[in-house]
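Below is one structure; the comments refer to it alone.
The values are calculated or read from the model by the stated rules, or taken from the named source; none is laboratory data. The structure displayed is predicted, hence computed values, not measured ones. No Cβ is skipped: glycine too gets one built from the backbone with ideal geometry, and neighbour counts run over all protein chains shown. In case anyone asks, the SASA skips ligands and DNA or RNA and just uses the protein heavy atoms, side chains included. Shrake-Rupley method; radii C 1.70, N 1.55, O 1.52, S 1.80 Å.
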Amino acid sequence: PIRSMSIARLELMGALCLVKLMDFIKEAFKTTNIQVNEVHGWLDSEIVLAWLSKPSCQWKTFVANRVQEIHDFFPPSIWKHCPGKENPADKLTRGMTLRELKEDEEYWHGPKWLSKKPDSWPTQLKKQPPPSDAMDEAVELKVRALVICSSNDSVIGNLTERRERFKT
């Protein structure tokens, strides 16, 4: 890229790749006897989760386009927060060697809680305002108002009269 991309935007791109993979797998299951009843997407980025929790129109173009594409595949309700320290996908970014990775059960099978019932899963973040970094991508809303009066009364006359009464 010509200019550098923020980590949050890179994580959003990762979420988009994940969605495409999830959809591919879901479609592949349709050709088997395996029925998919629920889909859960796990992210460790609170910023991306904040972006995905809102309609795409609330974000600037880059984020909005990717959020909309993700929403086209799966609804916002599937996304869950995986605490960063429990995210096996981050092990390589923490200095794990390929030799260590080859033997790492958690990397290949996920955190132990993932194979348990949902009430054993990590507590989800409470709904709160998006982190300030997420709001850097918010669309600036401009409000304009046009008032049209269709009565026979003179609006200017009424306002002038009210102003005069207010002054006294």
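Among residues of segment 30-53 being β-branched (Val, Ile, Thr) and not in a loop (DSSP other than H, G, I, E, B), the one that is nearest to Phe73 (Cα to Cα) is Val48.
When the residues of segment 3-29 are filtered to those that are among the small types (Gly, Ala, Ser) and not in a helix (DSSP H, G or I), the one that is most open to solvent (accessible area, probe 1.4 Å) is Ser4.
Quick one: in segment 61-92, which of the residues that are aromatic (Phe, Trp, Tyr) and either buried (at least 18 other Cβ atoms within 10 Å of the Cβ) or touching a strand residue (DSSP E or B) at 6+ places or on another chain (Cβ under 6 Å) (or both) is farthest from Met5 (Cα to Cα)? Restricting to residues being aromatic (Phe, Trp, Tyr) and either buried (at least 18 other Cβ atoms within 10 Å of the Cβ) or touching a strand residue (DSSP E or B) at 6+ places or on another chain (Cβ under 6 Å) (or both), the top hit is Phe74. Does segment 83-95 contain any residue that is at pLDDT 90 or above and among the β-branched types (Val, Ile, Thr)? No, the conditions are met nowhere in segment 83-95. The condition (being touching a Cys at 6+ places or on another chain (Cβ under 8 Å) and in contact (Cβ under 8 Å) with a residue 40 or more places away in the chain) is satisfied by just one residue among Asp23, Asp44: Asp44.
Considering Leu141, Leu146, Leu125, the condition of being open to solvent by less than 100 Å² (accessible area, probe 1.4 Å) and either assigned to a loop (DSSP other than H, G, I, E, B) or modelled with pLDDT of 90 or more (or both) is satisfied by Leu125 alone. The residues of segment 98-121 that are aromatic (Phe, Trp, Tyr) and open to solvent by less than 100 Å² (accessible area, probe 1.4 Å), listed by number, are Tyr107, Trp113, Trp121. As a summary of the residue check, Pro130 satisfies the conditions (1) surrounded by 10 or more Cβ atoms within 10 Å (Cβ to Cβ); (2) in a helix (DSSP H, G or I); (3) modelled with pLDDT under 85 except for the one numbered (2).
Within segment 51-60, the set of residues being surrounded by fewer than 21 Cβ atoms within 10 Å (Cβ to Cβ) and among the hydrophobic types (A, V, I, L, M, F, W, C) comprises just one member, Cys57.
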